[in-house]
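Participant: Encoded as structure tokens, here's the structure I'll be asking about.
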Amino acid sequence: MRPGRSLGVLVAFLVALLADRALGRAFSEREVHRMAHVLLGGSRNLSLASDDVALGNKYALHQCENYLDVPKVKGPQRTCAGKHYLEWSQASLLVYKPKDVGALVKAASARKVKEIIVFEDLKAKADEELISALSGPNHFIAFSSRQVNAAHAFNKLGQMANSDLLVMVLGGQEAQLRDALDSKVFKHFEEDPKLGLLSTSASVGLDASRGRTEEGKLTMVRGALLGPLVARRRAFMESGMFHTGHSNECLQRNALDLSVRVRNLGYSVASYPAGSGSSPAAGGLDDISHLDAAGCGSLGEDVYPKPGAGGGEGRRCYRASDFMSREPSGSLVVQYFKRSANIKDIVDSFSRYKGKAELIINDDSRSDYAEWAKALKGWDGYLVYSPDVHEIRGYNRLTKFADSELMVYLQDDDLGARNLDWLSKAKLLFDSFPDMALLGGFRGRMDFGTTMDSRKHLIQGPKFGVPSDNPRCCYKIPWKDPKTGIPLMFVYKVNMGPMMARRSLFMKLGMYHPGFSCPGDPGIGFDFEFSIRTWKAGYRVGLTPSEFKNRVGESMQSGTHSGPQKKIRDANEEMNNRAVYRMYQGFHHRQGTRRASTANKDLKGPRWRGFFSDRKADEAYEKTTKGYARKQKRLKRWGPGGPRVQRWKMLQARQSKRSGKRGRRGKRGKSLR
């Protein structure tokens, strides 16, 4: 741009700004961005620095976060006989408030699409037809206790899905599923790795035309619209997904806006009506007339920065949090299975966070719908009916489903502290230590010592946290965070319930390892393994008092603590503890434990060096063993030495004593005096 023209545009911009200020109107962020776009010469490849200035960093490009596709972690591979749950599939069918669930399941079955995830309102009475129809090993239903728009729901379901492709369907579009699930649609994605979005219905052409393109032909377009919409999951997430702050009236504009960002990142957007001739019903959420809906702002306009000069090294992406209308203060995930007596107490114990945090229930048993519907009323709550995947897969799925960066993992026998703002306390601790990825609120342990529990195959080291009836548990946390004064220590391993994590780091590190149990079985030791993995990756694991009530009700006489599940639990525990030694050879347990011990030097409290040692741990363990008091009494009387030496001294003393008696009384017992 010539200097004279730049000056002229700048003057015009200032005049317009003053005029609008006089009228009481302020420029929007996007208008300011367009002004800056003109001032910078109309370049469509703005540098990252100019984008940050123009948009206040709101829609800036960022280094792609490698947790978008959660990495696989090496570890045990189980053969799970009789289990039909798929860890990953080619495509997932995501449905927002279905109208014809029978047609939905039939279409998915015909096209061999296994994973179906449905979003529905949590009503007072259960929809038995919906629950019965979606009872397969890869079917999930997310019931929401508040109204959630379709864009936000698709964001949640899309992240939760374990597949390469996402088929997004609105209720009422079941008739169009035949086109969306056509094998040729999936083939187009296989043949073109840069294909990001594809519409099987209406679209916006490169010439701004609207409607359907030629049937049976793949056509590149400017915007792919709902009706249904097929997305490559990676492209969907890298583009930041849908805006969540707009009503359903803006859904098609939202899809157009998503298309703009997908294209900006180098993916292509296409239309492929397969030829059934079906079209969206007029007046539905997928009606293309909604492209002109008022109140949608500038959704769909090309106001976003693109990767280019000044973008830095590595691939650049849009950040999903920039397109969220509100982020909860925390995401509380509860693993639940048939403990109806605890439902009200669980929800009530977290009442101080009602309206601030989201409460997500993984109901593996698909039971007690009415009780949950009543308890979650007024909450930002979700009741997720899962196909009995149990805690490892349940926690992993719902972490991806969650909106908050602060994750809290809970069991169905945990009650939150009534008189302690433990969530805010956890946030302060995470702020104090940015490299702390995991924080326990129950118990933790250090693997110092040389005594191995042969039954469980783990070191009998010192334990910290909530005391128990076992004399070996537990020591009080001796250190504090120097910034906040909150009790905190770094430990090698923490126990579940509650456990808190940074969502981004949790996913970056690979989440809980699915090889530690089969779907539906208890995953004992997965919390220890993730703790070890966290230390190995260079992050920290902390422990702080949460003042929770743990194992309430009759939890120790039910669930995985009794019956056949108890046997599976015990077998898994030994197997998983042995697997950890194979997974982290050379690190677990000596090197990892000493790394955790050294981390306590950053805390306020006793001198960390020498606080732990194998000798101290062995001595402390010895004090809790059976017969320790008798051994100490024997040691005090006969002196040091091993059991054989002490036994020999005891026999010598007895023999000497008997000899003395014989010498005084003689052979017949008569006195010699």
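Participant: Which number in (1) part of a helix (DSSP H, G or I); (2) of a type outside the set (K, R); (3) surrounded by 19 or more Cβ atoms within 10 Å (Cβ to Cβ) marks the one condition that D345 misses?
Facilitator: (3)
Participant: Can you pull out the residues in region 502-548 that are assigned to a helix (DSSP H, G or I), of a type in the set (G, A, S) and under 19 Å from A426 (Cα atoms)?
Facilitator: Quick first cut of region 502-548, residues assigned to a helix (DSSP H, G or I) only: 503-508, 514-516, 526-536.
Subset that is of a type in the set (G, A, S): 504, 515, 531.
Residues satisfying the conditions are S504, S531.
Participant: Can you tell me which of D51, D69 is under 28 Å from G314 (Cβ atoms) and either modelled with pLDDT of 85 or more or in a loop (DSSP other than H, G, I, E, B) (or both)? Working first, answer last.
Facilitator: Details: D51 fails: either modelled with pLDDT of 85 or more or in a loop (DSSP other than H, G, I, E, B) (or both).
So the residue among D51, D69 that is under 28 Å from G314 (Cβ atoms) and either modelled with pLDDT of 85 or more or in a loop (DSSP other than H, G, I, E, B) (or both) is D69.
Participant: I would also like to ask the following. Just a yes or no: is a residue in region 192-204 free of Cβ contacts under 8 Å to residues at least 24 places away in the same chain, hydrophobic (A, V, I, L, M, F, W, C) and closer than 26 Å to D302 by Cα? Talk me through it step by step, then tell me what you get.
Facilitator: We begin by selecting, within region 192-204, every residue free of Cβ contacts under 8 Å to residues at least 24 places away in the same chain; these are 193.
Checking the rest, the ones that are also hydrophobic (A, V, I, L, M, F, W, C) come to none.
Taking every residue of region 192-204 in turn, none turns out to be free of Cβ contacts under 8 Å to residues at least 24 places away in the same chain, hydrophobic (A, V, I, L, M, F, W, C) and closer than 26 Å to D302 by Cα.
Participant: If the Cβ limit is 6 Å and pairs must be 6+ apart or interchain, which residue in region 509-520 that is in contact (Cβ under 8 Å) with a residue 60 or more places away in the chain pairs with which residue that is surrounded by 22 or more Cβ atoms within 10 Å (Cβ to Cβ) and of a type in the set (S, T, Y)?
Facilitator: These pairs meet every condition: Y512/Y395.
Participant: Only residues in region 231-247 that are over 11 Å from V262 (Cα atoms) and of a type in the set (G, A, S) count as the first member; pair them with residues that are surrounded by 20 or more Cβ atoms within 10 Å (Cβ to Cβ) and at pLDDT 95 or above, Cβ under 7 angstrom, at least 6 apart or cross-chain, and list the lot.
Facilitator: S247/N149
Participant: Quick test for you: out of I459, I486, pick the one residue that is more than 15 Å from S531 (Cβ to Cβ), in contact (Cβ under 8 Å) with a residue 12 or more places away in the chain, among the aliphatic types (A, V, I, L, M) and touching a strand residue (DSSP E or B) at 6+ places or on another chain (Cβ under 7 Å). Please lay out each step first, then the result.
Facilitator: Details: I459 fails: more than 15 Å from S531 (Cβ to Cβ).
Sole residue among the options that is more than 15 Å from S531 (Cβ to Cβ), in contact (Cβ under 8 Å) with a residue 12 or more places away in the chain, among the aliphatic types (A, V, I, L, M) and touching a strand residue (DSSP E or B) at 6+ places or on another chain (Cβ under 7 Å): I486.
Participant: Only one residue in K184, K156 is touching a Phe, Trp or Tyr at 6+ places or on another chain (Cβ under 6 Å) and not hydrophobic (A, V, I, L, M, F, W, C), so which one is that?
Facilitator: Working: K184 fails: touching a Phe, Trp or Tyr at 6+ places or on another chain (Cβ under 6 Å).
Going through K184, K156 in turn, just one is touching a Phe, Trp or Tyr at 6+ places or on another chain (Cβ under 6 Å) and not hydrophobic (A, V, I, L, M, F, W, C): K156.
Participant: Out of the helices (runs of 4 or more DSSP H) lying entirely within region 141-214, which hold 2 or more residues that are at pLDDT 95 or above and not charged (D, E, K, R)? Before you say what the answer is, go through the steps one by one.
Facilitator: Working: elements: 150-160, 177-180, 183-191.
Counting at least 2 such residues, we get 150-160, 183-191.
Participant: Here is a follow-up. What's the total number of residues in region 447-456 that are touching a residue at least 24 places away in the same chain (Cβ under 8 Å) and either loosely packed, with under 13 Cβ neighbours inside 10 Å or closer than 19 Å to L429 by Cβ (or both)? First the steps, then the outcome.
Facilitator: To start, the set of residues in region 447-456 that are touching a residue at least 24 places away in the same chain (Cβ under 8 Å) comprises 447-451, 455-456.
Next, only the ones that are either loosely packed, with under 13 Cβ neighbours inside 10 Å or closer than 19 Å to L429 by Cβ (or both) stay: 450, 455.
Final tally of qualifying residues: 2.
Participant: Within region 286-299, track down each residue that is crowded, with 21+ Cβ neighbours inside 10 Å and under 34 Å from the mean Cα position of the chain (by Cα).
Facilitator: Answer for region 286-299, where residues must be crowded, with 21+ Cβ neighbours inside 10 Å and under 34 Å from the mean Cα position of the chain (by Cα): D286, C296, L299.
Participant: State which residue pairs qualify: first residue closer than 22 Å to T399 by Cβ and inside region 342-357, second residue surrounded by 22 or more Cβ atoms within 10 Å (Cβ to Cβ) and β-branched (V, I, T) in any location, beta carbons under 7 Å apart, and separation of 6 or more residues or different chains.
Facilitator: Once the first residue is closer than 22 Å to T399 by Cβ and sits in region 342-357, its partners that are surrounded by 22 or more Cβ atoms within 10 Å (Cβ to Cβ) and β-branched (V, I, T) give I346/V334.
Participant: Still on this structure, please answer the following. Of S404, S367, which residue is farther than 20 Å from P498 by Cβ and polar (S, T, N, Q)? Let's see the steps before the verdict.
Facilitator: Numbers: S404 fails: farther than 20 Å from P498 by Cβ.
Exactly one of S404, S367 is farther than 20 Å from P498 by Cβ and polar (S, T, N, Q), namely S367.
Participant: Take the residues in region 348-384 that are aliphatic (A, V, I, L, M) and touching a Gly at 6+ places or on another chain (Cβ under 6 Å), then tell me which one is surrounded by the most Cβ atoms within 10 Å (Cβ to Cβ). Before the answer, list the steps.
Facilitator: To start, the set of residues in region 348-384 that are aliphatic (A, V, I, L, M) comprises 357, 359-361, 370, 373, 375-376, 383-384.
Now restrict to residues that are touching a Gly at 6+ places or on another chain (Cβ under 6 Å): 357, 359.
Numbers: A357: 22, L359: 25.
Ranking the candidates gives L359 first.
Participant: Could I ask something else about it? Test D322 against the stated conditions and say whether it is touching a residue at least 24 places away in the same chain (Cβ under 8 Å) and not in a loop (DSSP other than H, G, I, E, B). Spell out how you get there, then give the answer.
Facilitator: Details: touching a residue at least 24 places away in the same chain (Cβ under 8 Å): yes; not in a loop (DSSP other than H, G, I, E, B): yes.
Yes: the conditions hold for D322.
Participant: Determine if region 119-133 includes at least one residue that is β-branched (V, I, T), surrounded by fewer than 21 Cβ atoms within 10 Å (Cβ to Cβ) and in a helix (DSSP H, G or I). If you could, list the steps in order and put the result at the bottom.
Facilitator: Going through region 119-133, the residues β-branched (V, I, T) turn out to be 131.
Then drop every residue that is not surrounded by fewer than 21 Cβ atoms within 10 Å (Cβ to Cβ), which leaves 131.
Then drop every residue that is not in a helix (DSSP H, G or I), which leaves 131.
Taking every residue of region 119-133 in turn, at least one turns out to be β-branched (V, I, T), surrounded by fewer than 21 Cβ atoms within 10 Å (Cβ to Cβ) and in a helix (DSSP H, G or I).
Participant: Separate question: Take the conditions assigned to a helix (DSSP H, G or I), over 15 Å from M446 (Cα atoms) and at pLDDT below 95 and apply them to G553. Does it pass? Lay out the reasoning, then the answer.
Facilitator: Working: assigned to a helix (DSSP H, G or I): no; over 15 Å from M446 (Cα atoms): yes; at pLDDT below 95: yes.
For G553, the condition - assigned to a helix (DSSP H, G or I), over 15 Å from M446 (Cα atoms) and at pLDDT below 95 - is not met.
Participant: Taking the options R393, R418, R352, name whichever one is outside the structural domain of G158 (by TED's automatic domain parsing), of a type in the set (K, R) and at pLDDT below 95.
Facilitator: One residue alone meets the criteria, R418.
Participant: Out of curiosity, is F548 closer than 15 Å to F442 by Cβ and of a type in the set (F, W, Y)?
Facilitator: On the way: closer than 15 Å to F442 by Cβ: yes; of a type in the set (F, W, Y): yes.
Spelling it out, F548 is indeed closer than 15 Å to F442 by Cβ and of a type in the set (F, W, Y).
Participant: Could you go through region 481-488 and let me know if any residue there is within 24 Å of N396 (Cα to Cα), surrounded by fewer than 18 Cβ atoms within 10 Å (Cβ to Cβ) and charged (D, E, K, R).
Facilitator: First pass over region 481-488, keeping only residues within 24 Å of N396 (Cα to Cα): none.
Within region 481-488 (the criterion being within 24 Å of N396 (Cα to Cα), surrounded by fewer than 18 Cβ atoms within 10 Å (Cβ to Cβ) and charged (D, E, K, R)), the answer is no, since none of the residues qualifies.
Participant: Got a sec? Which of L410, L420 is surrounded by 22 or more Cβ atoms within 10 Å (Cβ to Cβ) and out of contact with any helix residue (DSSP H, G or I) (no Cβ under 6 Å at 6 or more places or on another chain)? Let's see the steps before the verdict.
Facilitator: Numbers: L420 fails: surrounded by 22 or more Cβ atoms within 10 Å (Cβ to Cβ).
Of L410, L420, the one residue that is surrounded by 22 or more Cβ atoms within 10 Å (Cβ to Cβ) and out of contact with any helix residue (DSSP H, G or I) (no Cβ under 6 Å at 6 or more places or on another chain) is L410.
Participant: A further question follows. Give the residue, chosen from G605, G553, G542, G610, that is in contact with an Asp or Glu (Cβ under 8 Å, 6 or more places away or on another chain) and either in contact (Cβ under 8 Å) with a residue 12 or more places away in the chain or in the same structural domain as G510 (by TED's automatic domain parsing) (or both).
Facilitator: Working: G605 fails: in contact with an Asp or Glu (Cβ under 8 Å, 6 or more places away or on another chain); G542 fails: in contact with an Asp or Glu (Cβ under 8 Å, 6 or more places away or on another chain); G610 fails: in contact with an Asp or Glu (Cβ under 8 Å, 6 or more places away or on another chain).
Exactly one residue qualifies, and that residue is G553.
The values are calculated or read from the model by the stated rules, or taken from the named source; none is laboratory data. The structure displayed is predicted, hence computed values, not measured ones. All Cβ positions, glycine included, derive from the backbone under ideal geometry; neighbour counts span all protein chains shown.
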